[in-house]
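First up is the structure itself, then whatever we jot down about it.
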Amino acid sequence: MPVSSENAWASYLAGFSGQMDDLRARFVTDEFLEFPDFGPAELREQLDAEVVSLLDNHGVKRRINVARTGNTPRFMEVVGRKTIVAESETVPQTYHSQALRSFLAELTKETAILPVPFEPEEMVISRLAEQGETHGWHWDDYTYALVWIVEAPAEEAGGSLEYIRDTAWDKTNPRIDEHLANGTVERRHPATGSAYLLKADTAMHRVAPLTSEGARRVILCFSYATPAEVDKTVDHTEVDFYSA
C-alpha cells in the first residue's frame with residue numbers, strides 16, 4: 001500500500017485507541033460490530049467510487065442456489081477478486097493495509113489478522129438492485145468478514161443483515177431450518193458509509209431480500225483469516241460464485 005495511504009489509515013485508526021475495550025466487549029457479545037462513517041474520508045470516497053465503477057463495468061448477475069448451505073439463494077450482481085485486483089487500486093490496497101489488519105487484530109485479540117489463504121475468497125463486491133434479490137443463509141469459510149456499505153436501502157425496503165450467533169457449519173448437513181428454529185435471529189441495518197465486522201464462520205447470516213422496487217444494497221466484503229486457518233484444509237466447492 002502506498003506510504004501516504006498507509007499513513008492515512010494509521011492516523012485514522014489511532015482515533016479508536018480509547019474505545020478498544022468497549023469495542024472488543026461489544027464484538028465478543030454480538031459477533032458483530034458496526035463502524036459508522038468508516039475510513040479516512042478521501043480514501044473511503046475513492047474506495048466507494050471504485051466499487052460502483054467495477055459493478056457498472058464488470059458486474060455479473062448470479063442466480064444460483066448453493067447446496068452446501070442447504071440450497072439457499074444467491075440472487076445478486078457480483079464482481080470477484082480477480083477483476084477487482086486487475087481493475088482497481090484502492091480496494092486491494094485497503095484489503096492488504098497493515099494498519100487496518102493490525103487494528104482488527106487488536107480488536108479481536110488475535111495474534112494477527114491475515115489475508116485468507118484462498119485468493120478467490122479475499123474480496124467480493126455485490127449489488128442487490130431488484131425486488132427479491134438476496135444473499136441467502138450461509139457461513140464463511142474463514143473467521144472474519146469486514147463489510148463496507150457503499151449504499152444501503154431504507155430499512156423498510158429490506159436488505160438487512162440477519163444472523164444467528166454461535167452456530168456450526170456442517171457442509172454435508174447444514175441444518176439451516178434447525179438453526180432458524182432453535183436460534184435467535186438478530187437483525188442489523190448498517191448505514192451507507194459504514195463498515196461492519198462479523199464473526200462470519202460461526203454466525204449463520206444472510207442479507208434479507210429486497211422488498212421494494214428501486215431499493216439497492218451495494219457492498220464490498222473483505223474476508224480475513226487467523227494464523228490457525230492459514231494451513232487449514234477447506235472444501236471450496238461451489239465458490240465459482242466469486243469468480244466474476
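Bear in mind these aren't lab numbers, they're just calculated from the coordinates by the rules spelled out. Predicted, not measured: the structure shown is a model, and the values here were computed from it. Glycine also receives a Cβ, built like all others from the backbone with ideal geometry; neighbour counts cover every protein chain displayed.
Remarks
- Bridgeable lysines around residue 61 (alpha carbons under 22 Å apart, same-chain partners fewer than 8 residues away excluded): 82.
- Convex hull volume of the Cα atoms of the chain, normalised per residue: 118 Å³.
- FRET efficiency, residue 86 to residue 45 (Cβ-Cβ, R0 25 Å, nearest 0.05): 0.70
- Note on residue 171: lysines with a C-alpha under 24 Å away, same-chain residues under 8 apart excluded, are 199, 232.
- Gain on full stretching of the segment that runs from residue 109 to residue 166 - 0.36 nm per residue minus C-alpha separation: 18.7 nm
- Protection proxy ranking, peptides 66-77, 139-150, average beta carbon neighbours within 10 Å, highest first: 139-150, 66-77
- When only alpha carbons are used to place a centre, the stretch 31-87 and the stretch 131-182 end up 15 Å from one another.
- Gaussian network model of the chain, springs between alpha carbon atoms under 10 Å - residue of 39, 136, 18 with greatest fluctuation: 18
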